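What follows is a single structure, written as structure tokens, with notes after it.
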Amino acid sequence: MSVFIDRSDRVLVQGITGGEGTFWTKHMRDLGTDVVAGVTPGKEGQSVEGVPVYHTVRRAAAAHPADAAMLFVPPRFTKDAVLEALDAGIRKVVTIADGIPLHEALEIRATARSCGARVVGGNTSGVISPGKAMMGMFPFWIERVYRPGRIGVMTRSGSLTNEVAAMIVRAGFGVSSLLGVGGDSVPGTRFAEFLPDFQADPGTDAVVIIGELGGTMEEEVAEAIESGAFKKPLVAFLGGRNAPAGKRMGHAGAIVTGGKGTVEGKAAALRRAGAAVADRPRLVGDLLREILGTPDSQKETT
């Protein structure tokens, strides 16, 4: 079982004829993703890697029913592309766009929630269930870092994700599902909103979150643990501990304001809730071994 994406999900790619759309569609298919159709206005009748292209999502979905949409479109077109996918009945959307206007990000999130959909991103590398399927832009050496296993991962940072995932594998574990919620100030879906999925997933024994300064997503995770909504072991690594207050560090959501959103405050909240917090990425694997025992004690991945 996987969280969000599996080999059984049928994926539609919006912006498939662009450079990134074409490049990553091939990579997604190579990793097992069932890409059934693509969409680029004005390009209907073409094909990309054997995938038929249509003018609109509705036309594509009518010919090739889809469960999820992968968006390779610029930030200024992202809102319309997401709403088009939702209007066609697609309820799982991933968008990589960095810098979606704030008011449009708010509209995307509100609309998705109103119809029971999940939007991942923007400003994300995507989602992956290693050995099954991928939506997004993960590097070609992915097989060495994202090995199949029983550790769920949620992250706000693309670069830190690769490092932490490598430490998980180095400790002898692997990844069940990885969700890049993104680094923008208004992500489509937040950490705590995915926790019930990992709690219900029999293929996940523990969850690792890769957070950073700014916002309240990590504190929301602590609240979910304290309330009993999430009961599996959780390990966190938080980036940006040395960032000066009031200065944005890379991501739009990575900023401390009014004394809130500090790494110290987030770490304290998570520890009070019973989560383990790694001071450095290399310690994530060690903490997992302390909590779960040696990887040999893990059940075989399903």
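The values are calculated or read from the model by the stated rules, or taken from the named source; none is laboratory data. Being a predicted model, the structure only gives us computed values, none of them experimental. No Cβ is skipped: glycine too gets one built from the backbone with ideal geometry, and neighbour counts run over all protein chains shown. Heads up: the accessible areas ignore ligands, DNA and RNA and are worked out on the full protein's heavy atoms, side chains in. Shrake-Rupley method; radii C 1.70, N 1.55, O 1.52, S 1.80 Å.
Taking the conditions exactly as written (of a type in the set (Asp, Glu), open to solvent by 60 Å² or more (accessible area, probe 1.4 Å) and modelled with pLDDT of 95 or more), does Asp67 satisfy them or not?
So Asp67 does not fit the description; no.
With the checklist (1) outside any helix (DSSP H, G or I); (2) out of contact with any strand residue (DSSP E or B) (no Cβ under 7 Å at 6 or more places or on another chain); (3) of a type in the set (S, T, N, Q) in hand, flag the one item Gln199 doesn't pass.
Single failed check for Gln199: (1).
Would you pick out the residues in the stretch 266-293 that are more than 15 Å from Pro233 (Cα to Cα) and either open to solvent by 30 Å² or more (accessible area, probe 1.4 Å) or modelled with pLDDT under 90 (or both)?
Ala268, Asp279, Arg280, Arg282, Leu283, listed by residue number.
For the stretch 133-149, give me each residue that is touching a Gly at 6+ places or on another chain (Cβ under 7 Å) and open to solvent by 10 Å² or more (accessible area, probe 1.4 Å).
Correct list: Met137, Arg147, Pro148.
Please specify each residue of the stretch 30-61 satisfying the condition of being open to solvent by less than 70 Å² (accessible area, probe 1.4 Å), assigned to a strand (DSSP E or B) and free of Cβ contacts under 8 Å to residues at least 24 places away in the same chain.
Pro52, Tyr54
Could you identify the single residue in Val13, Val94 that is more than 23 Å from Arg156 (Cβ to Cβ), aliphatic (A, V, I, L, M), assigned to a strand (DSSP E or B) and open to solvent by less than 40 Å² (accessible area, probe 1.4 Å)?
Val13
Ile100 is checked against (1) surrounded by 17 or more Cβ atoms within 10 Å (Cβ to Cβ); (2) closer than 18 Å to Arg58 by Cβ and fails just one. What number does that condition carry?
With (1) surrounded by 17 or more Cβ atoms within 10 Å (Cβ to Cβ); (2) closer than 18 Å to Arg58 by Cβ applied to Ile100, the lone miss is (2).
As an exercise: evaluate Val120 against (1) in contact (Cβ under 8 Å) with a residue 12 or more places away in the chain; (2) of a type in the set (A, V, I, L, M, F, W, C); (3) open to solvent by 10 Å² or more (accessible area, probe 1.4 Å) and give the number of the one condition it does not meet.
It fails just one condition, (3).
Results for (1) on the phi < 0 side of the Ramachandran plot; (2) open to solvent by less than 20 Å² (accessible area, probe 1.4 Å); (3) outside any helix (DSSP H, G or I), shown as yes or no for each residue.
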| residue | (1), (2), (3) |
| --- | --- |
| Leu160 | yes, no, no |
| Val164 | yes, yes, no |
| Ile168 | yes, yes, no |
| Gly182 | no, yes, yes |
| Thr189 | yes, yes, yes |
| Glu193 | yes, no, no |
| Ile210 | yes, yes, yes |
